[in-house]
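Written out below as structure tokens is the structure these notes cover.
The values are calculated or read from the model by the stated rules, or taken from the named source; none is laboratory data. Model, not experiment: these values are computed from the prediction. A quick note on method: Cβ atoms are made from the backbone with ideal geometry, for glycine too, and the neighbour counts reach across all protein chains shown. Surface areas here come from the heavy atoms of the whole protein model, side chains and all, with no ligands, DNA or RNA. Shrake-Rupley method; radii C 1.70, N 1.55, O 1.52, S 1.80 Å.
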Amino acid sequence: MTVETTTKTYLNFINGKWEASSSGKTVASNNPSNRDDVVGIIQVSTKEELDQAVFAAKHSQKAWKALTGSERGAYLYKTADILENRMDEIAETMTREMGKTLPEAKGETARGVAILRYYAGEGMRKVGDVIPSTDNKALMFTSRVPLGVVGVISPWNFPVAIPIWKMAPALIYGNSVVIKPAQETAVTCAKVIECFEKAGIPDGVLNMVTGSGSVIGQGLVEHPDVNGITFTGSNEVGKMVGQGALARGAKYQLEMGGKNPVIVAADADLDIAVEGTISGAFRSTGQKCTATSRVIIAGEIYEKFKEKLLEKVKEITVGNGMEDGIWMGPSANESQLNTALSYIEAGKQEGATLLIGGNRLTGAAYDKGYFIEPTVFENVTTDMKIAQEEIFGPVLALIQVNTFEEAITIANDVKFGLSASIYTKDIQSMLSFIENMEAGLIRVNAESAGVELQAPFGGMKQSSSHSREQGEAAKEFFTAIKTVFVK
Ligand SMILES: NC(=O)C1=CN([C@@H]2O[C@H](COP(=O)(O)OP(=O)(O)OC[C@H]3O[C@@H](n4cnc5c(N)ncnc54)[C@H](OP(=O)(O)O)[C@@H]3O)[C@@H](O)[C@H]2O)C=CC1
Ligand SMILES: O=C(O)CCC(=O)C(=O)O
């Protein structure tokens, strides 16, 4: 395993060139496992650089759109090959920058490669339908056109996969892109952009501007030349992004929080249910919008499930994700750690019973990082904060129920509707769950997290703006339909 020791300064990528911000200000991106380790220095940009990036995107888009889909796809195939060759280095940067373990980071980078290849192929697929006209002398069909300039605002929890699952479809359908990655993981994003640059993407078609959400993110939302905004992050910011885009008639897409339940029915295979619950709740330190945060368990098997779950939680090794044998890394930053700790406190105050964990980890191996114990509560009622609000940390609430109907009611009793999972062998329970769960992702005998790149991804209720990302569904956001009537 190689660890970089020099600290590099990363610039903005505007119109095919790497440039420093005119602000002269930079900020360090630190390792959440060891805050003394500076992963890179990034630009704190101004509106001026954002304007330059949007100008470049706007002026390059016509020529980009004029290429055939297969020509645009060739750039994505090339980018995929370059990313694949840099897999280890980019995954290591991700682990250093936001903490997820190296195997998780490698898996995510490989997923980025696969997403690029999937959308590269999309350049050769159909863009419209022929629709019978009532006039037998006419030809009626639909065609799709790009939106123009797409603004991408991405979070830190999937620093490779999320930027790529937004940029790749935007590009293949003929849009140009300005991305503002989360400051937390801007170095990882810069390395992904380097792969596109190396693949020869034409100047101005893809631009990256780093800086704060309130300046560069908000600036993208309000920019009159940005035709579409795709966002993943918190509900609070997402709603502002949506309102800002709507106010000026721009298209927008929001992927936000989750409070994802797992139902463990009386007939479930408990070993499989425990394995899926642990992985869903604690992988990536619970920092996934699809993470499991509530387990709703049939009374008959409650004690047995709890016992098996706690046995496995005790085995979780927490530490620096670069080290072999570490299963769970740190929280991505101090604020995430404090949020998780404050929810743990709220759980105790509101009367839930802490079964395991609940503390920040201390000691030589932990003091310079943001490490927290995997935590499980029981006696959780649905009115408690830990049963209602997104924690984005390794905290699990166990809720015991008497009937299947009660399980579904509780599972739905939140403002979110992203992902939901059930463990059962009974086909009627499965069908009822599929029918009645208010969630965009329904998982049967599988963990709540885990998304396949070729399938639609998104939530119901307050988890999304009701559109879907990934797979073919991405076409709906990144293009506009023209209905053509020819006579
Ligand atoms: N659905 C998901 O996958 C995610 C959910 N979250 C949730 O959000 C909570 C807070 O995380 P946080 O990182 O603060 O999430 P944010 O929603 O603040 O960040 C997401 C992205 O939006 C940017 N942003 C921030 N403010 C604005 C703004 N006013 N206008 C436009 N863009 C903006 C951020 O920039 P920058 O960070 O550079 O300032 C980042 O690029 C988490 O605890 C979790 O609950 C967070 C990440 C992903
Ligand atoms: O579960 C996954 O793989 C995707 C999760 C996700 O998109 C997110 O947390 O933002």
May I ask you to say which residue of GLU104, GLU108, GLU122 is within 16 Å of ligand 1 (Cβ to nearest atom), of a type in the set (D, E, K, R), in the same structural domain as LYS482 (by TED's automatic domain parsing) and open to solvent by less than 20 Å² (accessible area, probe 1.4 Å)?
GLU108
Any idea how many residues of region 159-192 are among the charged types (D, E, K, R) and within 10 Å of ligand 1 (Cβ to nearest atom)?
2
Could you run through region 421-446 and say how many residues are within 16 Å of ligand 1 (Cβ to nearest atom) and not hydrophobic (A, V, I, L, M, F, W, C)?
1
Matching residues in region 262-319 - criterion: being under 21 Å from GLY358 (Cβ atoms), of a type in the set (Gly, Ala, Ser) and in a helix (DSSP H, G or I)
SER279, GLY280, ALA281, SER284, GLY286
When restricted to GLY112, GLY128, the only residue of a type outside the set (D, E, K, R) and over 20 Å from PRO181 (Cβ atoms) is GLY128
Kindly indicate whether TYR173 is farther than 23 Å from VAL38 by Cα, open to solvent by 10 Å² or more (accessible area, probe 1.4 Å) and within 16 Å of ligand 2 (Cβ to nearest atom).
no
Cβ pairs under 6 Å, 6+ apart, first in region 355-383 and farther than 17 Å from GLY321 by Cβ, second open to solvent by 80 Å² or more (accessible area, probe 1.4 Å)
none
Identify the single condition in (1) within 16 Å of ligand 1 (Cβ to nearest atom); (2) open to solvent by less than 10 Å² (accessible area, probe 1.4 Å); (3) not assigned by TED's automatic domain parsing to the domain that holds PHE477 that LYS288 does not satisfy, given that it satisfies every other one.
(2)
Restricting the first residue to region 45-73 and requiring it to be closer than 14 Å to ILE201 by Cα and of a type in the set (D, E, K, R), which pairs with a second residue that is in a helix (DSSP H, G or I) and at pLDDT 95 or above meet a Cβ separation below 6 Å and a spacing of at least six or different chains?
ARG72/ILE172
Being open to solvent by 10 Å² or more (accessible area, probe 1.4 Å), under 22 Å from the mean Cα position of the chain (by Cα) and of a type in the set (D, E, K, R) narrows it down to one residue among GLU373, GLU389, GLU378; which is it?
GLU389
Any residue that is surrounded by fewer than 21 Cβ atoms within 10 Å (Cβ to Cβ), of a type outside the set (A, V, I, L, M) and out of contact with any Ser or Thr (no Cβ under 8 Å at 6 or more places or on another chain) - is there at least one of those in region 142-159?
yes
Residue set GLY280, GLY238, GLY242; condition closer than 21 Å to PRO146 by Cα and under 20 Å from the mean Cα position of the chain (by Cα); output residue GLY242
Quick one: SER293 ticks every box in (1) over 22 Å from SER429 (Cα atoms); (2) within 15 Å of ligand 2 (Cβ to nearest atom) bar one, so which box is it?
(1)
Within region 429-472, how many residues turn out to be open to solvent by 20 Å² or more (accessible area, probe 1.4 Å) and either modelled with pLDDT under 95 or farther than 25 Å from ALA407 by Cβ (or both)?
12
Mind checking which residues of region 138-163 are within 16 Å of ligand 2 (Cβ to nearest atom), under 14 Å from LEU254 (Cα atoms) and not in a loop (DSSP other than H, G, I, E, B)?
VAL152, ILE153, ILE162, PRO163
Any idea which residue in region 158-193 is nearest to LEU83 (Cα to Cα), counting only those that are under 16 Å from the mean Cα position of the chain (by Cα) and among the basic types (Lys, Arg)?
LYS166
Just to be sure before I move on: is GLY238 part of a loop (DSSP other than H, G, I, E, B), within 16 Å of ligand 2 (Cβ to nearest atom) and open to solvent by less than 10 Å² (accessible area, probe 1.4 Å) in the structure I sent?
no
Out of GLU197, GLU184, which single residue is in contact with a Gly (Cβ under 8 Å, 6 or more places away or on another chain) and either open to solvent by less than 10 Å² (accessible area, probe 1.4 Å) or in contact (Cβ under 8 Å) with a residue 60 or more places away in the chain (or both)?
GLU197
Selected residue [of a type in the set (A, V, I, L, M, F, W, C) and either over 26 Å from ALA480 (Cβ atoms) or touching a Cys at 6+ places or on another chain (Cβ under 6 Å) (or both)] from ALA170, ALA138, ALA110
ALA110
Picking from LYS461, LYS487, the residue that is closer than 30 Å to LEU147 by Cα, under 24 Å from the mean Cα position of the chain (by Cα) and either assigned by TED's automatic domain parsing to the domain that holds SER293 or touching a residue at least 24 places away in the same chain (Cβ under 8 Å) (or both) would be LYS461
